[in-house]
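Taking it in order: structure first as C-alpha cells, then the write-up.
Taken together, the values in this text are just the output of simple stated rules run on the coordinates, not laboratory data. All of these numbers come straight from a predicted model, not from anything done at the bench. Backbone-built Cβ (ideal geometry, glycine too); neighbour counts: all protein chains shown.
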Amino acid sequence: SQQGEEDPQALSIQEGENATMNCSYKTSINNLQWYRQNSGRGLVHLILIRSNEREKHSGRLRVTLDTSKKSSSLLITASRAADTASYFCATDPSGTASKLTFGTGTRLQVTL
Amino acid sequence: DAGVIQSPRHEVTEMGQEVTLRCKPISGHNSLFWYRQTMMRGLELLIYFNNNVPIDDSGMPEDRFSAKMPNASFSTLKIQPSEPRDSAVYFCASSGGRDSYNEQFFGPGTRLTVL
C-alpha cells in the first residue's frame, strides 16, 4: 500500500512561479526522499532529508520535514517548463533504501 | 555507467502467454527492486533482492509472478500465464553502491500490454 499521500494530485503553474507539493506519511522514518518522473521514464532521485533535519536545499529545490506532523513539502522555485513531471515522495524506515514506500505523486505542469 | 538497463522496453502479448522481463542493475549495487506502476494503484514494490537473495516478495501479486537473480548483474521477472490486468509499466531499480547508499536508481521501465 502507498504510505505517502501527496497533495495536490495535480498542479498547473506558469513558468517563473513557485510550485509547492506536500507529502504525508504514517509510520516512523529514517529519511524521506523526493523523486521526479518524466513522462515515459523511470524515477530520478532529487533530494533526501533525514528525520533529524527540518529543511534542506538543493539548487532550486527546498524540502522541509515535520516529523511531528508526519509531513514533508517540496518547493521548486522559479519553475521552468522542463520541471514538468510527476513528483513522488518516498519514505525510508531503515536508512538503507532497502524498502522505500512511494506516495501517489503530484503531476506538475509548467506552462510558458 | 549506463545506468539500470531493462529489456524489452515494450512488450505486447496475448492473455495466457509467458512474459519475461529483464534487468541489469548498476555495477556494484547490491540491492535490486522490481516495481509495477499503474494509474489505479500507483507504484508498487513487487520484490527486492539483496546480494542476489530475495528478501521480501510480499508484493508479488500471486503465483503467476516469479523473480530470479542468478547473479549480481542480472534479474528476471516472469509472468506465467499473463492476464490483461497485468498490463502496467514494470520498473527495475538498484541501490547500495558506495556513493548511493540511500537512493534507488531506476531503469527506463518495460511497458507491458496483455491483450
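Projecting the Cα atoms of A:G16, A:T27, A:L74 onto the charge dipole of chain A, computed from C-beta unit charges around the Cα centre, puts A:T27 farthest toward the positive end. In order along the stretch A:52-62, the Karplus-derived 3J(HN,Hα) couplings, from 6.51 cos²θ - 1.76 cosθ + 1.60 at θ = phi - 60°, round to 9, 9, 10, 8, 8, 10, 8, x, 8, 9, 9 Hz, and Gly and Pro are given as x. FRET efficiency for the pair A:E15 and A:D66, taken as 1/(1 + (r/R0)^6) with r the Cβ-Cβ distance and R0 = 41 Å, rounds to 0.90.
Here the stretch B:51-91 is scanned for amide nitrogen atoms under 16 Å from the site 7 Å beyond the Cα of B:M15 along Cα-to-Cβ, giving B:80-88. Neighbours of A:R80 by Cβ distance under 14 Å: Lys/Arg scored +1, Asp/Glu scored -1, total -1. For A:K69, a cut-off of 16 angstrom between C-alpha atoms picks up these aspartates and glutamates, skipping any fewer than 8 places away in its own chain: A:E5, A:E6, A:D7, A:E53, A:E55.
Give the range of the longest stretch in chain B that excludes all trypsin sites (Lys or Arg not before Pro) found in loop regions by DSSP and having at most 13 other beta-carbon atoms within 10 Å. Intermediate values should be presented prior to the final figure.
Details: sites that count: B:R9, B:R41, B:R98.
The longest such stretch corresponds to B:42-97.
Mind checking which lysines have their Cα closer than 25 Å to the Cα of B:K24? Skip sequence neighbours fewer than 8 apart in that chain. Reachable lysines: A:K99, B:K68, B:K78.
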